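K.L.:
What follows is a structure written as structure tokens; I'll ask about it next.
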Ligand code: 5RP
């Protein structure tokens with residue numbers, strides 16, 4: 001069996017084939033994306049710049065000499081490349097394990113296509129085993145936790161975590177997510193929710209999955 005780190009390297013390198021030369025792309029957050037950023041730095045001809053989904057990603061891109069553009073200066077991105085905590089057979093995802101879900105959604109919204117890079121452990125038949133992250137405005141935390149309990153979830157405030165936006169993260173355990181689009185819409189409407197880590201409306205168009213048999217390409 002391949003080591004998880006090798007699978008991350010595999011999908012990170014494979015993603016380079018989907019990066020057009022001379023454009024601005026969107027870059028996600030996490031350990032798989034870190035491998036992608038390192039690979040991106042070797043790409044010739046390279047990209048013009050990236051729009052970043054977190055301060056951590058910005059720092060890594062800049063450390064490689066890759067220019068980072070403010071999302072407000074860009075009208076569209078050819079592609080957004082990011083990892084996931086879970087991905088289902090329709091390309092719907094749970095994201096936010098790295099607390100960057102809100103900016104990830106903003107950058108993904110600018111992109112024509114979302115390419116998910118992940119190892120095979122992230123592929124699930126149904127979303128919900130991974131606790132669903134919700135970024136909230138701190139003063140709404142208790143009320144949103146009540147709403148989440150009413151849905152049958154067990155909300156746990158992530159310890160010692162302040163997002164890049166000054167929000168806090170509630171991780172919701174025990175949810176059965178049979179309607180990802182509906183649940184995303186419902187949670188989004190509660191006052192104080194900044195973003196929910198369900199990427200159902202902004203699902204992946206393609207997933208590069210690292211498996212013990214090599215690279216698998218899933219199209220949705
Ligand atoms: C960060 C994310 C990441 O994409 C997700 O947590 C996967 O990370 P990793 O590649 O480290 O497993 O959503 O907010």
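Every read-out reported here was derived from the displayed coordinates using simple, explicitly stated rules and does not represent laboratory data. Quick caveat: nothing in here was measured; it's all calculated off a predicted structure. Note that each Cβ is placed from the backbone with ideal geometry, even for glycine, and that neighbours are counted across all protein chains shown.
K.L.:
Determine the principal axes of the Cα atoms in region 132-196, then give the extent along each, sorted from largest to smallest and rounded to whole angstroms.
P.N.:
Sorted from largest, the Cα extents of region 132-196 read 30, 19, 18 Å.
K.L.:
Here's something else I'd like to know. Helix 141-150 sits at what angle to the longest principal axis of the chain, using alpha carbons and giving 0 to 90 degrees rounded to 10?
P.N.:
The helix 141-150 is inclined about 80 degrees to the chain.
K.L.:
While we're looking at this one, here's another question. Can you give me the relative contact order of the chain as a percent, contacts being Cα pairs under 8 Å and 6 or more apart?
P.N.:
In percent, rounded to a whole number, it is 22.
K.L.:
Just from the alpha-carbon atoms, what are the Rg and Dmax of region 1-88 in angstroms?
P.N.:
Computed over the Cα atoms of region 1-88, radius of gyration and Dmax are 12.6, 44 Å.
K.L.:
Before anything else, pin down the relative contact order of region 132-196: Cα pairs under 8 Å, at least 6 apart, normalised by residue count, whole percent.
P.N.:
47 percent
K.L.:
Could I ask something else about it? In which sequence would 139, 93 go, from the one with the fewest C-beta neighbours within 10 Å to the one with the most?
P.N.:
139, 93
K.L.:
Assign one of three labels to region 93-174, namely rounded, prolate or oblate, based on the Cα gyration tensor with a ≥ b ≥ c the square roots of its eigenvalues; rounded applies when a/c is under 1.5, prolate when it is not and a/b is larger than b/c, and oblate otherwise.
P.N.:
oblate
K.L.:
Going out from 0 in 5 Å bins, what whole percent of all Cα-Cα distances in the chain drops into each bin?
P.N.:
1, 7, 16, 20, 20, 16, 11, 6, 2, 0, 0
K.L.:
Same structure again: So how do 9-18, 175-184, 195-204 stack up, highest first, on mean other-Cβ count within 10 Å?
P.N.:
195-204, 9-18, 175-184
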